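Computed from the coordinates by the stated procedures, all read-outs in this text should not be read as laboratory data. Note that the structure is predicted; figures quoted are calculated from it, not measured. Note that each Cβ is placed from the backbone with ideal geometry, even for glycine, and that neighbours are counted across all protein chains shown.
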Amino acid sequence: MRLDFDPARPIYLQIVDEIRRAVARGELAPGDRIPSLRELAQHAGVNPNTVQRAFQEMERMRLTETLRGQGTFICGDPDLVARLRAEMARDALGAFLREMFSLGYTADDIRRLLDAALNEQTKRGDAGAE
Amino acid sequence: MPNSTYIVEIDGLHKTYFRTRALNGVDLKLERGLIFGLLGPNGSGKSTLLKTIAGLVRPTSGRVLVNGQTPSVATRAMVAYLPETDHLYSWMTVREMLEFVSAFYADWDAQRAAALPAFMELDAGQRVGDLSKGQRARLKLVLALSRSAPLVLLDEPLSGIDPPSRARIIRSVVGEYRLGEQTIVFSTHQVKEAEGVFDRVVFLREGRVALCETAEKLRADHRCSVQDLWERVYA
């Protein structure tokens, strides 16, 4: 887990996002055990109350499940990865669109610019690469 | 009567040393089960406030309640206090120091006291007098964290310490914290490193509480870290 937090966002949500991202990327698989509350707090140097809030949020989102006495696991739901990827894509698109609209671009402008950017990427041969 | 919400209640607290006003009307309530960051420039009254809660300094006027009681010998049993100054005996070994201190406290956790020095990379057989500044600071923290007191007061546990020791100290505070049971008050200038540890932040200025807010709310409202806000307020 990254240790550098974005100061302007609640830390508990950043912990949730880190775990979501790890699942969406396949670094954590459904059924994998995640570190305990204490381990996570200690590793990240973060308040255990904050980590507890992140755990509650992840449970509410059905991202994780806690088995008494065994620990906290990524939900065994087979659709989880697909669902998370869709959610995160929606979030990323939402953030992108908000930013573009706030800069004064219209929907048509955005389509045109996006197409151009995607074509540029394909030409450079690095589409999909990080 | 212990208040079920607050472990510490302070109303109109003044403390004057001869003619110097250290505390100038502090009103503050500390909820149970949270970690508080006590921030403020030098001379803002952080140490005096902690000592007053610990029962080591008598208020000039105002009211302080710890677990519903005026600070006394009885409340001192509930408070683990890490002083800013050193109170270690240099002729003892780390192990002897732990044994010596353990005798004073009914809530001493021998298991923790045995495990913590290794985590803090302290050699139990080493003489206290031979420890480096960072090692002494870590030993002080081992002494404070080896008790299961409901209220832990840490006065500048990071000051004058190298960055690796600071990180280790923060990790051990977080690791030993008893979720839901303990309240920790942590005074520091190293806001950046300790930022993620705080539930709530108390800014002291000129002997008064200038601000008391949850760290997450401060970050959300000001769109910046507590560290940046602190610099904006005090720089």
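Taking a Cβ cut-off of under 9 Å around residue B:35, the surrounding Lys, Arg, Asp and Glu residues balance to a net charge of 0, with basic ones at +1 and acidic ones at -1.
When the helices of chain B are scored as -39500 (n - 2.57) per DSSP H run of n ≥ 4 and the total is divided over every residue, the value at 222 nm lands at -9500 deg cm²/dmol. What the Cα convex hull of the range B:35-109 gives, in volume per residue, is 142 Å³. Remark: C-alpha extents of the range B:54-172 on the principal axes read 43, 28, 26 Å, sorted largest to smallest.
Across chain B, the fraction of Cα-Cα pairs farther apart than 21 Å, rounded to a whole number, is 56%. Taking the Cα atoms of the protein assembly as shown, the ratio Rg/Rh between the radius of gyration and the Kirkwood radius comes to 1.05. Can you tell me what percent of all Cα-Cα pairs in chain A are more than 25 Å apart? Tail of the P(r) past 25 Å holds 40 percent of the pairs.
The packing ranking of peptides B:4-17, B:143-156, highest mean first, is B:143-156, B:4-17, where packing means the average number of other beta carbon atoms within 10 angstrom of each residue.
So what is the 222 nm mean residue ellipticity for chain A from helices alone, if each DSSP H run of at least 4 adds -39500 (n - 2.57) and you divide by all residues, rounding to the nearest 500 deg cm²/dmol? The helix-only estimate for chain A comes to -19000 deg cm²/dmol at 222 nm. Taking every DSSP beta bridge that has both ends in the protein assembly as shown, the antiparallel portion is near 65%. How many angstrom lie between the Cα centre of the range B:116-160 and the Cα centre of the range B:65-87? For the range B:116-160 versus the range B:65-87, the Cα centre distance is 18 Å.
Between the range B:1-60 and the range A:21-95, what is the separation of their alpha carbon centroids in Å? Distance between centres, Cα-based: 39 Å.
Neighbouring Cβ atoms from other chains, within 10 Å of the Cβ of residues in B:195-202, number 4 on average. Sites count as exposed loop sites when they are trypsin sites (Lys or Arg not before Pro), lie in a DSSP loop, and have at most 14 other Cβ atoms within 10 angstrom; the longest stretch of chain A without one is A:69-130.
Let me know the Kirkwood hydrodynamic radius for the range B:145-221, please, with Cα pairs as the basis and the value in Å to one decimal. Kirkwood hydrodynamic radius for the range B:145-221: 13.6 Å. Expressed as a whole number of Å, what is the distance separating the alpha-carbon centroids of the range B:201-235 and the range B:161-185? About 21 Å separates the Cα centre of the range B:161-185 from the one of the range B:201-235. For the peptide B:212-220, the mean number of other protein chain Cβ atoms found within 10 angstrom of a residue's Cβ is 3.
Comparing the range B:112-192 with the 2.2 N^0.38 Å rule of thumb, its C-alpha radius of gyration ratio is 1.05 (two decimals). Partner shielding of A:46-54 amounts to 6, given as the average count of beta-carbon atoms from other chains within 10 Å of each residue beta-carbon.
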